[in-house]
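Working notes, structure below.
The values are calculated or read from the model by the stated rules, or taken from the named source; none is laboratory data. What you are looking at is a predicted structure, and each value in this text was computed from that prediction instead of being measured. We place every Cβ from the backbone using ideal geometry, glycine too, and count neighbours over all the protein chains shown.
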Amino acid sequence: MDVATAQLPSAIWARRLLLVAVTTVTFSVALGQFVLALACVPLAYWVARARPVLPPLLIPALLFLAIAWLTLAFNTAQPDFSRMTKLLWFVALPAAAWLLRDERSVRDLLWAFALGCAFLAARTLVMVPLGAWKLLRTAPDYAQNFPHALTLQGSMPDGQMLMLGLVATLGLLLIRRAARQPTGFVVALFLLQVAGFIMNLKRGSWIVALLLLVIFVLLKLSWKHVLLLAVIVAGALCLPPVRARLMALERDFNANAGGRMTMWTRVAPELIKAHPWGIGYRQLTNEKMRAVAPNVERDRDHLHNNALTVLVETGWAGLAAYALWMGWALVDAVRRWRAARATSEAAAIAALVLLLMFVGLLLNGVVEYNFGTSRLMIAAGVIMGAGVLGRVEKPA
């Protein structure tokens, strides 16, 4: 895509709407999907006119889509193809690959995540305590105490979104500091997100975010910032709900507790052995898991792990396509970062942020199933697409 076609009105409007979709999907899946669908209108007009080359990353993505369709069609007695619509939100991948190519557009993408996640954090700080208080009043037998009620209000997608927002906002902070621009507003966004992130009380996202921030700090900042990060972590550990959540980690390592270890060591092996070609995309249900292990936690239709859920639903072929897709995207993100280091410090930081955000989603996918959550699928598609080129173009 040359500069002329990138500046066509249809491309400009598609880019704007895509960024708005990223901002809104951080806190509202319905709103984010609506805006992304709107973005597809000028995007389709631009594609018909500019005829851009398809991103190579679409090869493994379309391969996985084909396998998912086949497993649903041939491995399911009464296939429900409406479940395939979730994968359509990966339209964000080619859209981002075409529209977010240069340094400026990637910086705008980081702002989209930062602003949206700041709103999400503010809402979390208000709604989680209110929800816990209401739960204690209406279902006192369900919630043991207020800290326990707080843990019941946390959201897995919100935790991962806030993890992405923290990395994006820290990247913006470093970019503005390198350009000697004011950083007060960005610092405020970061601190707001930290508070909301802690209040959300999701341990997997905490651990992944801490790892990513430590890597970022070690690569780009000084020991003083490492000390500041340690102070924030120590302060969070002083909060009773945080300590309670971390103490509950022991349950997740108990194969008899009905949680993750039960799913990973008992349910998944049995289903894989019985259905090596998969049971069908999005066909895993709580009833099928409880048929193997009756003590599995209720209201779950996934295995708290991307690879295992993909394997059970789409078989070994689907897992191979998924691994190829994610590995290809990771290599592209690394290539873009390496190329960006030869252009400018701001471009290098932005590319590193994209890489760490994608790594964060992969790491969270080890303990959560984020590949089937529409909000996170859109976010992942945009992040993969923004890093798909393996090179960085300077702003026009």
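What are the residue pairs meeting all of these: first residue in segment 310-338, first residue under 16 Å from residue 59 (Cβ atoms), second residue of a type in the set (S, T, N, Q), Cβ atoms under 8 Å, and 6 or more apart or on different chains?
These pairs meet every condition: 318/71; 321/314; 322/306; 322/314.
Tell me which of these residue 382 doesn't satisfy, since it passes every other one: (1) buried (at least 24 other Cβ atoms within 10 Å of the Cβ); (2) over 23 Å from residue 28 (Cα atoms).
(2) is the only condition that residue 382 fails.
Of 324, 330, 284, which residue is closer than 30 Å to residue 385 by Cβ and surrounded by 18 or more Cβ atoms within 10 Å (Cβ to Cβ)? Walk me through it before giving the result.
Working: 324 fails: surrounded by 18 or more Cβ atoms within 10 Å (Cβ to Cβ); 330 fails: surrounded by 18 or more Cβ atoms within 10 Å (Cβ to Cβ).
Just a single option satisfies the conditions, and that option is 284.
Given the condition over 22 Å from residue 325 (Cα atoms) and surrounded by fewer than 18 Cβ atoms within 10 Å (Cβ to Cβ), answer yes or no: does some residue in segment 50-69 qualify? Before the answer, list the steps.
First, the residues of segment 50-69 that are over 22 Å from residue 325 (Cα atoms): 50-51.
Subset that is surrounded by fewer than 18 Cβ atoms within 10 Å (Cβ to Cβ): 50-51.
Yes, that holds for at least one residue.
State whether one or more residues within segment 36-48 are surrounded by fewer than 16 Cβ atoms within 10 Å (Cβ to Cβ) and either modelled with pLDDT under 90 or closer than 30 Å to residue 277 by Cα (or both).
Scanning segment 36-48, I find no residue that is surrounded by fewer than 16 Cβ atoms within 10 Å (Cβ to Cβ) and either modelled with pLDDT under 90 or closer than 30 Å to residue 277 by Cα (or both), so the answer is no.
Here is a list of conditions, (1) touching a Ser or Thr at 6+ places or on another chain (Cβ under 6 Å); (2) at pLDDT below 85, and residue 196 meets all of them except one; can you say which number that is?
Condition not satisfied by residue 196: (2).
If you go through segment 177-201 one residue at a time, how many are within 23 Å of the chain's Cα centre (by Cα) and of a type outside the set (A, V, I, L, M, F, W, C)? Outline the logic, then answer.
Initial filter on segment 177-201 (within 23 Å of the chain's Cα centre (by Cα)): 186-201.
Restricting the remaining residues to those that are of a type outside the set (A, V, I, L, M, F, W, C) gives 193, 196, 200.
The qualifying residues number 3.
Is it true that some residue in segment 16-35 is in a helix (DSSP H, G or I) and more than 25 Å from the chain's Cα centre (by Cα)?
Filtering segment 16-35 down to residues in a helix (DSSP H, G or I) leaves 16-25, 29-35.
From what's left, more than 25 Å from the chain's Cα centre (by Cα): none.
The answer is no; no qualifying residue exists.
Would you check if there is a residue in segment 147-170 being in contact (Cβ under 8 Å) with a residue 24 or more places away in the chain, part of a loop (DSSP other than H, G, I, E, B) and surrounded by 15 or more Cβ atoms within 10 Å (Cβ to Cβ)?
Step one: list which residues in segment 147-170 are in contact (Cβ under 8 Å) with a residue 24 or more places away in the chain, which gives 147-148, 150-151, 153-170.
From what's left, part of a loop (DSSP other than H, G, I, E, B): 154-155.
After this cut, where a residue has to be surrounded by 15 or more Cβ atoms within 10 Å (Cβ to Cβ) as well, the list is 154-155.
Checked segment 147-170: at least one residue is in contact (Cβ under 8 Å) with a residue 24 or more places away in the chain, part of a loop (DSSP other than H, G, I, E, B) and surrounded by 15 or more Cβ atoms within 10 Å (Cβ to Cβ).
Considering each of 92, 48, 68 in turn, give the residue that is of a type outside the set (Asp, Glu), within 15 Å of residue 386 (Cβ to Cβ), part of a helix (DSSP H, G or I) and out of contact with any strand residue (DSSP E or B) (no Cβ under 6 Å at 6 or more places or on another chain). I'd like the intermediate steps shown before the answer.
Details: 48 fails: within 15 Å of residue 386 (Cβ to Cβ); 68 fails: within 15 Å of residue 386 (Cβ to Cβ).
Answer to the selection: 92.
Keeping to segment 75-94, report how many residues are farther than 30 Å from residue 21 by Cα and free of Cβ contacts under 8 Å to residues at least 40 places away in the same chain. Explain how you work it out, then say what you get.
So the first thing to find is which residues in segment 75-94 are farther than 30 Å from residue 21 by Cα, and the list is 75-79.
Applying the additional criterion that residues be free of Cβ contacts under 8 Å to residues at least 40 places away in the same chain yields 77-78.
Qualifying residue count, segment 75-94: 2.
For segment 120-146, give me each residue that is hydroxyl-bearing (Ser, Thr, Tyr) and surrounded by 14 or more Cβ atoms within 10 Å (Cβ to Cβ).
124
Residues are listed down the side, and each one gets a yes or a no for (1) among the charged types (D, E, K, R); (2) at pLDDT 90 or above:
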| residue | (1), (2) |
| --- | --- |
| 234 | no, no |
| 276 | no, yes |
| 293 | no, no |
| 299 | yes, no |
| 318 | no, yes |
